[in-house]
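Q: Structure below; questions to follow.
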Amino acid sequence: QVQVVESGGGLVQPGGSLRLSCAASGSIFRLLSMGWYRQSPGKQREFVGTIPMDGNSNGADSVKGRFTISRDNAQHTVYLQMNSLKPEDTAVYYCYIVYNAFIGSGFKDYWGQGTQVTVSS
């Protein structure tokens, strides 16, 4: 089995910062990439950013310059540093991974349960 666990969400004032973490564990032969989506009430899930385990991150235009994705390969962990937060960043943030379960297997994705981020005064 695979586990993907997010942490770090909460309530923050506009202009503030939060750091989300996401740790993957379990039956993972090779981790290819990790990333984040978010979903606000009544809206579709929105891409936030992704980072391959051997390359540079890529983020949505709506968060560039404010959000930074980084990783710890040894810990199978990805971080989302969110600065200059706005009320419109309020959402449930979901972490996902793309991985191989064993040698020769195809790619699979797996999602966490999400962590709530609320930006409000």
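Residues checked against (1) basic (Lys, Arg); (2) touching an Asp or Glu at 6+ places or on another chain (Cβ under 7 Å):
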{"site": "3", "(1), (2)": "no, no"}
{"site": "11", "(1), (2)": "no, no"}
{"site": "18", "(1), (2)": "no, no"}
{"site": "37", "(1), (2)": "no, yes"}
{"site": "56", "(1), (2)": "no, no"}
{"site": "67", "(1), (2)": "no, no"}
{"site": "74", "(1), (2)": "no, no"}
{"site": "92", "(1), (2)": "no, no"}
{"site": "108", "(1), (2)": "yes, no"}
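Q: Taking region 68-87 as the region of interest, how many residues are without any contact (Cβ under 8 Å) to a residue 24 or more places away in the chain and either on the phi > 0 side of the Ramachandran plot or of a type outside the set (S, T, N, Q) (or both)?
A: Residues flagged as without any contact (Cβ under 8 Å) to a residue 24 or more places away in the chain and either on the phi > 0 side of the Ramachandran plot or of a type outside the set (S, T, N, Q) (or both) within region 68-87 amount to 2.
Q: Just for region 1-59: of the residues that are surrounded by fewer than 16 Cβ atoms within 10 Å (Cβ to Cβ) and of a type in the set (Lys, Arg), which one is farthest from residue 102 (Cα to Cα)?
A: So, considering only residues that are surrounded by fewer than 16 Cβ atoms within 10 Å (Cβ to Cβ) and of a type in the set (Lys, Arg), the one farthest from residue 102 (Cα to Cα) is 43.
Q: Go through region 83-99 and count every residue that is over 13 Å from residue 22 (Cβ atoms) and open to solvent by less than 10 Å² (accessible area, probe 1.4 Å).
A: Matching residues across region 83-99 total 3.
Q: Among the residues of region 103-121 satisfying the criterion of being part of a strand (DSSP E or B) and either more than 18 Å from residue 10 (Cα to Cα) or among the polar types (S, T, N, Q) (or both), which is most open to solvent (accessible area, probe 1.4 Å)?
A: Step one: list which residues in region 103-121 are part of a strand (DSSP E or B), which gives 107-111, 115-119.
Checking the rest, the ones that are also either more than 18 Å from residue 10 (Cα to Cα) or among the polar types (S, T, N, Q) (or both) come to 107-111, 115-116, 118.
Details: 107: 148, 108: 105, 109: 92, 110: 88, 111: 80, 115: 19, 116: 88, 118: 45 Å².
If we take residues in region 103-121 being part of a strand (DSSP E or B) and either more than 18 Å from residue 10 (Cα to Cα) or among the polar types (S, T, N, Q) (or both), then 107 is most open to solvent (accessible area, probe 1.4 Å).
Q: Now for a different question. Might you let me know whether region 73-80 holds any residue that is over 20 Å from residue 107 (Cβ atoms) and exposed (fewer than 13 other Cβ atoms within 10 Å of the Cβ)?
A: Among the residues of region 73-80, at least one is over 20 Å from residue 107 (Cβ atoms) and exposed (fewer than 13 other Cβ atoms within 10 Å of the Cβ), which makes the answer yes.
The values are calculated or read from the model by the stated rules, or taken from the named source; none is laboratory data. The model shown is predicted, which means the values in this text are computed figures rather than measured ones. Neighbour counts run over all protein chains shown; Cβ positions are idealised from the backbone, glycine included. Heads up: the accessible areas ignore ligands, DNA and RNA and are worked out on the full protein's heavy atoms, side chains in. Shrake-Rupley method; radii C 1.70, N 1.55, O 1.52, S 1.80 Å.
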